[in-house]
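The values are calculated or read from the model by the stated rules, or taken from the named source; none is laboratory data. For clarity, every value in this text was computed on a predicted model and none was experimentally measured. Positions of Cβ are backbone-derived with ideal geometry, glycine not excepted, and every protein chain shown enters the neighbour counts. For accessibility, only protein heavy atoms count, side chains too; no ligands or nucleic acids. Shrake-Rupley method; radii C 1.70, N 1.55, O 1.52, S 1.80 Å.
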Amino acid sequence: MERFGFVGLPNAGKSSLYNALSGGSALAAPYAFATTDPNVGVAKVPDDRLDRLAAMSNSRSVIPASVQFTDIGGLVEGASKGEGLGNRFLAGIREVDAIVYVLRAFDDPDVPGSPDPLEHLRVLEIELSLADLDSVENQLGKRRKAARHDKAIADEVAALEAAHEVLAAGTPIYRSDLPAAQRELLGSYFLLTDKPVLAVVNVGEGDLDRIDEKIAPVVAELGDHGEVIGACVQLEAEAAQLDPDERAEMLEALGLGEGGLPRFIRAAYHLLGLRTFFTTGEKETRAWTFRAGWKAPQCAGVIHSDFERGFIRAEVIHWDELLEIGSWSKARELGKLRVEGKDYEVADGDVLEIRFNV
């Protein structure tokens, strides 16, 4: 399961976002450090294709794809030097796959702190860069010494040195021009700023009709370095406590359509190059996560390792074509199921049936 780490200043709305996604009850309070231990939750990836396939197959069970997220305590300026609760929380997200910045853009006299999302972004990027700088400095001397006896790690040392130069200037690695080969060599160090970035700009309820305007400065600042989603997190958290019909009615009445959370989850999912294939039948319709570019045996292995080890072939049809035909058995009768082998690159939205033998 792919993992995302929430990072933000106190009172930015991280715990409310956690509650909105998980239906949980993490403490969301208008004072700093309400969260003292990381909260870990799971969110389902909304996918209309899954629901439609399940309805077609009259499935008894419907299982969506999921992502995991971790909400850590709020950072403050100087956290990397021990201010506030220090940066000890960052250990909780060292091994996540992507970072989600939660940036406050709402005014509330009862909530201390700046409502300027660019100020929040500046502090977070500096603190994460300084935390990474500390990690790199701790490793650089050791790796230089090891390189004297093992020339094979010279490229790794060069990558650390390049990262040190970037971070010492206060620049996150994802904003740098470090080549992909060097960034790959840095992967084993789990640097916080060497991860994909998504920003959630948390707006007030009174600004729902100005979301594009409120997120524009962050979009301009991050450019191609990160995706930006705007949402009223508190409103989304309240809506998440309702049953689906009431939630849809509430969001529609506010002119929010499906709301910001589904867009956020889908954006986070695709940020990592994740795609979905499906299996469907009377017993179960299920969404499976795979990486873009994976071949059929690798996708089969997502279901079970035996499927990859003993892969013979896959019967494949795209989800919309299957829906149009009306059933898997009819698609087979009409000769619409393609038989694909080990070199087939699975496409997002494919429906698969795996043949294997172990």
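Go through the stretch 204-213 residue by residue and tally those that are exposed (fewer than 15 other Cβ atoms within 10 Å of the Cβ) and either closer than 19 Å to Ser114 by Cα or free of Cβ contacts under 8 Å to residues at least 12 places away in the same chain (or both).
Residues that pass the stated criteria total 4.
Restricting the stretch 264-309 to residues that are polar (S, T, N, Q) and under 21 Å from the mean Cα position of the chain (by Cα), which is farthest from Gly349 (Cα to Cα)? Step through it out loud before you land on a result.
Step one: filter the stretch 264-309 for residues polar (S, T, N, Q), giving 276, 279-280, 285, 289, 298, 305.
The next check asks that each one be under 21 Å from the mean Cα position of the chain (by Cα); those that pass are 276, 289.
Details: Thr276: 6, Thr289: 11 Å.
It comes out as Thr289.
In the stretch 239-294, which residues are under 23 Å from Glu227 (Cα atoms), among the charged types (D, E, K, R) and touching a residue at least 24 places away in the same chain (Cβ under 8 Å)?
Once the filter is applied, which keeps residues that are under 23 Å from Glu227 (Cα atoms), among the charged types (D, E, K, R) and touching a residue at least 24 places away in the same chain (Cβ under 8 Å), the stretch 239-294 yields Glu258, Arg263, Arg266, Arg275.
Using the structure shown, decide if Ala169 is among the hydrophobic types (A, V, I, L, M, F, W, C), open to solvent by 70 Å² or more (accessible area, probe 1.4 Å) and out of contact with any strand residue (DSSP E or B) (no Cβ under 8 Å at 6 or more places or on another chain). It would help to see each step written out before you state the result.
Details: among the hydrophobic types (A, V, I, L, M, F, W, C): yes; open to solvent by 70 Å² or more (accessible area, probe 1.4 Å): yes; out of contact with any strand residue (DSSP E or B) (no Cβ under 8 Å at 6 or more places or on another chain): yes.
Yes: the conditions hold for Ala169.
Limited to the stretch 181-235, what total is found for residues that are among the hydrophobic types (A, V, I, L, M, F, W, C) and touching a Pro at 6+ places or on another chain (Cβ under 6 Å)? Talk me through it step by step, then tell me what you get.
Looking only at the stretch 181-235, we keep the residues that are among the hydrophobic types (A, V, I, L, M, F, W, C), and these are 181, 185-186, 190-192, 197-201, 203, 208, 211, 215-216, 218-220, 222, 228-229, 231-233, 235.
From what's left, touching a Pro at 6+ places or on another chain (Cβ under 6 Å): 201, 218.
The number of residues fulfilling the criteria is 2.
Out of the stretch 214-226, which residues are surrounded by fewer than 17 Cβ atoms within 10 Å (Cβ to Cβ) and either touching an Asp or Glu at 6+ places or on another chain (Cβ under 8 Å) or under 22 Å from Ile265 (Cβ atoms) (or both)?
Once the filter is applied, which keeps residues that are surrounded by fewer than 17 Cβ atoms within 10 Å (Cβ to Cβ) and either touching an Asp or Glu at 6+ places or on another chain (Cβ under 8 Å) or under 22 Å from Ile265 (Cβ atoms) (or both), the stretch 214-226 yields Val219, Asp224, His225.
Quickly run through the stretch 302-352 and pick out the residues that are aliphatic (A, V, I, L, M), open to solvent by 80 Å² or more (accessible area, probe 1.4 Å) and in a strand (DSSP E or B). Step through it out loud before you land on a result.
Narrowing the stretch 302-352 to residues aliphatic (A, V, I, L, M): 302-303, 312, 314, 316-317, 322-323, 325, 331, 334, 337, 339, 346-347, 351-352.
Those left that are additionally open to solvent by 80 Å² or more (accessible area, probe 1.4 Å): 312, 334, 339.
Result: Ile312, Val339.
All but one of (1) under 20 Å from Phe69 (Cβ atoms); (2) assigned to a loop (DSSP other than H, G, I, E, B); (3) not acidic (Asp, Glu) hold for Ile265; state the number of the condition that does not hold.
(2)
Does the stretch 306-318 include one or more residues that are in contact with a strand residue (DSSP E or B) (Cβ under 6 Å, 6 or more places away or on another chain) and within 21 Å of Lys44 (Cβ to Cβ)?
No, the stretch 306-318 contains no residue that is in contact with a strand residue (DSSP E or B) (Cβ under 6 Å, 6 or more places away or on another chain) and within 21 Å of Lys44 (Cβ to Cβ).
Just for the stretch 87-103: of the residues that are of a type outside the set (S, T, N, Q) and touching a Ser or Thr at 6+ places or on another chain (Cβ under 7 Å), which one is most open to solvent (accessible area, probe 1.4 Å)? Explain how you work it out, then say what you get.
Pass one, the stretch 87-103, residues of a type outside the set (S, T, N, Q): 88-103.
Narrowing further to those that are touching a Ser or Thr at 6+ places or on another chain (Cβ under 7 Å): 92-93, 96.
On the way: Gly92: 40, Ile93: 0, Val96: 11 Å².
Across the stretch 87-103, the extreme among qualifying residues is Gly92.
Here is a list: Glu184, Glu161, Glu137. Which entry is over 30 Å from Pro217 (Cα atoms), within 24 Å of the chain's Cα centre (by Cα) and open to solvent by 50 Å² or more (accessible area, probe 1.4 Å)?
Numbers: Glu161 fails: within 24 Å of the chain's Cα centre (by Cα); Glu137 fails: within 24 Å of the chain's Cα centre (by Cα).
When all the criteria are applied, what remains is Glu184.
Go through the stretch 236-248 and count every residue that is assigned to a helix (DSSP H, G or I), exposed (fewer than 12 other Cβ atoms within 10 Å of the Cβ) and charged (D, E, K, R).
Just the residues of the stretch 236-248 that are assigned to a helix (DSSP H, G or I), to begin with: 236-240, 244-248.
Of the ones still in play, those that are also exposed (fewer than 12 other Cβ atoms within 10 Å of the Cβ) are 244-246.
Now narrow it down to the ones that are charged (D, E, K, R): 245-246.
The number of residues fulfilling the criteria is 2.
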